[in-house]
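Below: one structure, written as structure tokens.
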Amino acid sequence: MSNKYNFETVESRFDVGSKKWDEIDQYCPEVRKKGEDIIPFSVADMEFETAPSICEGMKKYIDHYVLGYSNPTPAFFNAVCDWMYSHHDWEIQPDWVLTTSGVITAFFMAVKTFTDPGDGVVLMTPVYYPMYSAIRNNNRKLVENPLINHNGHYEIDFEDLEQKVKDPNTKLLIFCSPHNPAGRVWTRRELEKVGRICIDNHVLIASDEIHFDLIMPGYHHTVFASISEEFAMHSITMTAASKSFNLAGMQTSCVIIPNKELRDAFHAEQLLDEVNPKSNILGYEATRLAYTECGEWFDRALAVIDHNRQTVVDFMAKEFPEVIVTPLEGTYLLWMDIRPLGIDYKHLAEILRTEGKLFFDDGYIFGTPGEGFERWNLACPTRYVEEALLRLKGVLNKHRKD
């Protein structure tokens, strides 16, 4: 194993505004007082050191450039286009790319741009919780298309989807690909069926593909818009380097819209909300560095995540075979169904924090279908996963209902 990168240590993020680290203080203040080496496994950013090329490149950038107003540069656009082609076999043009401060901002903007108050917006639930807010906060109607859970393997209910999008008031699908929290990497055939159903019923697809680099061995991610020109013309793609390279704090995401009419509409809505929409000057440069100089670092990080995945799977199969660990195909977020142990989902959330010092994302925040589940962020050094499993064993054995 190369020693070029450090995937074994964690820097404390107390007192720097990290919500998930602050939660440790909220529930277990003794952790910091006693100097216990415990980290959270909730919010989806990494507990790895930043790629050295990004750190070094940013220092050079700050030394040589004025940090004033800035637009994305040709070098930024070229890096995004090259990454899409080299890693996703999708040839895009620089003028298709708009930038926002984050993918959440992008799908909020999509709801406001492409629907009116009272219109229906489809979500495949359980799903990333800010998507619910994008619908409800903008006075749109939530249209749930619940995923079918076959003993931990999630599938799309195409019959239900087709029935619901036939309603002429349903205008948009916010599509999570790969799916968060179910960890599914949708097959090309599944994507083609989703696209055909939506396009035939005049429903636009806003595809959140922020996790599209984080694909486990044996699986392949297909960008929805890359399937055909027709699909590209009836969709927008929202993504970023933020998950792959841990750059969420740089607040720089890309909204790729090949259809000029849709792109102009999205940009016009940006101008209404933001007046002068643009991302962070350092975010542009961090994204460029990530996509042009950090491929090897990313490959190593993905290998650690995959090892962590297998560590949890093996442990749970031995110690708690009743617990259903959803196969992780994409993202670094493992979805576990703990309902077979008979612990009430609210009680489960409480005891994991207070007794186990385990800070996951509780499944119920992803919607009613997530009650009794926990989402485990595996983007961290392996030793923390191994230690957490021992604490998890103690809590679950104590509270399980036999």
Grab the other residues whose beta carbon is less than 14 angstrom from that of D208, score K and R as +1, D and E as -1, and report the net. 0
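Where Lys and Arg each count +1 and Asp and Glu each count -1, what net charge lies around F373 among other residues with Cβ under 9 Å from its Cβ?
Working: positive: R339, R375; negative: D337, D362, E371, E374.
So the environment of F373 carries a net charge of -2.
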With the cut-off at 1.5 for a/c, could you classify region 168-305 from its C-alpha gyration tensor as rounded, prolate or oblate? oblate
Where labels lie 7 Å past Cα in the beta-carbon direction, separation of T9 and D160 in nm: 4.8
Say we join alpha carbon atoms closer than 10 Å with springs in a Gaussian network model of the chain; which of P258, P168, P327 then has the biggest fluctuation? P168
Whole-Å distance, taken between Cα centres, linking region 358-378 and region 54-80: 37
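Per DSSP H run of at least 4 residues, take -39500 (n - 2.57); add these up for the chain, divide by its residues and hand me the 222 nm value, nearest 500 deg cm²/dmol. Before the final figure, lay out the partial values.
On the way: 15 runs with 171 residues, N = 402.
Helix contribution divided over all residues of the chain: -13000 deg cm²/dmol.
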Based on the mean of other beta carbon atoms within 10 Å per residue, what is the order of 331-342, 29-40, 348-359, most packed first? 331-342, 348-359, 29-40
Enumerate the aspartates and glutamates that K171 could reach by cross-link, defined here as Cα to Cα under 14 Å, with residues fewer than 8 away along the same chain left out. D116, D119, E144, E162, D200
Over 26 Å between Cα atoms: which of K318/K398; K243/K401; K33/K318; K33/K401 fall into that group? K243/K401; K33/K318; K33/K401
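At a 10 angstrom cut-off on C-beta neighbours, averaged per residue, how do the peptides 183-196, 304-317, 15-28 rank from highest to lowest?
Working: 183-196: 19.3, 304-317: 17.4, 15-28: 14.6.
Going by the mean number of other Cβ atoms within 10 Å, highest first, we get 183-196, 304-317, 15-28.
Report, as a whole number in µm² per second, the diffusion coefficient that Stokes-Einstein gives for region 1-160 at 25 °C and 0.890 mPa s using the Kirkwood radius over alpha carbon pairs. Present the calculation step by step, with values, prior to reporting the outcome.
Working: Rh = 20.7 Å.
Stokes-Einstein gives a translational diffusion coefficient of 119 µm²/s.
To the nearest 0.05, what FRET efficiency results for V43 and E192 with a Förster distance of 30 Å applied to their C-beta separation? Display every interim value, and only then the final one.
Numbers: r = 33 Å, r/R0 = 1.10.
After rounding to 0.05, the efficiency reads 0.35.
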Give, as a single signed number, the net charge of other residues whose beta carbon lies under 12 Å from the beta carbon of Y154, with Lys and Arg counted +1 and Asp and Glu -1. -4
Over the chain, calculate the relative contact order: mean separation of alpha carbon pairs under 8 Å at least 6 apart, over the residue count, as a percent. 22
Rg followed by Dmax, in Å, when region 164-203 is reduced to its Cα trace: 11.2, 31
Give the relative contact order (percent, whole number) for region 246-402; include only Cα pairs under 8 Å separated by 6+ residues. 21
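Once the Cβ-Cβ distance between E355 and E274 is put in as r, and R0 is 56 Å, what FRET efficiency do you end up with, to the nearest 0.05? Present the calculation step by step, with values, prior to reporting the outcome.
Numbers: r = 45 Å, r/R0 = 0.80.
Result of the calculation: an efficiency of 0.80.
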Counting only C-alpha contacts under 8 Å and six or more residues apart, can you give the relative contact order of region 102-217 as a whole percent? 27
Rounded to a whole number, the Stokes-Einstein D of region 8-96 in µm²/s (Kirkwood radius over Cα pairs; 4 °C; 1.567 mPa s) is 76
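Counting only heavy atoms of protein chains, what accessible area per residue, in Å², does region 158-267 have with a probe of 1.4 Å?
Details: 3900 Å² over 110 residues.
For region 158-267, the per-residue accessible area is 35 Å².
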Sequence neighbours fewer than 8 away in the same chain don't count; with that in mind, list the aspartates and glutamates whose C-alpha is under 18 Å from K346. E23, D337, E355, D361, D362, E371, E374
At 7 Å along Cα-to-Cβ for each site, give me the label-to-label distance between K346 and N139 in nm. 3.2
Hydrodynamic radius by Kirkwood, which averages 1/r over all alpha carbon pairs of region 60-152, in angstrom: 16.6
Of the DSSP H helices in the chain, those whose Cα atoms cover at least 30 Å axially and whose Kyte score averages -0.5 or more: 295-319
What part of the accessible area of the chain, given as a whole %, is carbon or sulfur when the probe is 1.4 angstrom? 49
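Based on the Cβ-Cβ distance of D116 and Q93, what FRET efficiency does E = 1/(1 + (r/R0)^6) give at R0 = 41 Å, to the nearest 0.05?
On the way: r = 30 Å, r/R0 = 0.73.
The pair D116/Q93 has a calculated efficiency of 0.85.
Can you give me the orientation-averaged projected area of the convex hull built on the Cα atoms of the chain, in nm²?
For the chain, averaging the hull's shadow over all directions gives 19.9 nm².
The values are calculated or read from the model by the stated rules, or taken from the named source; none is laboratory data. Everything numeric here is computed off the predicted structure, so don't read it as measured data. Note that each Cβ is placed from the backbone with ideal geometry, even for glycine, and that neighbours are counted across all protein chains shown. These accessible areas exclude ligands, DNA and RNA; they are computed on the full protein's heavy atoms, side chains included. Shrake-Rupley method; radii C 1.70, N 1.55, O 1.52, S 1.80 Å.
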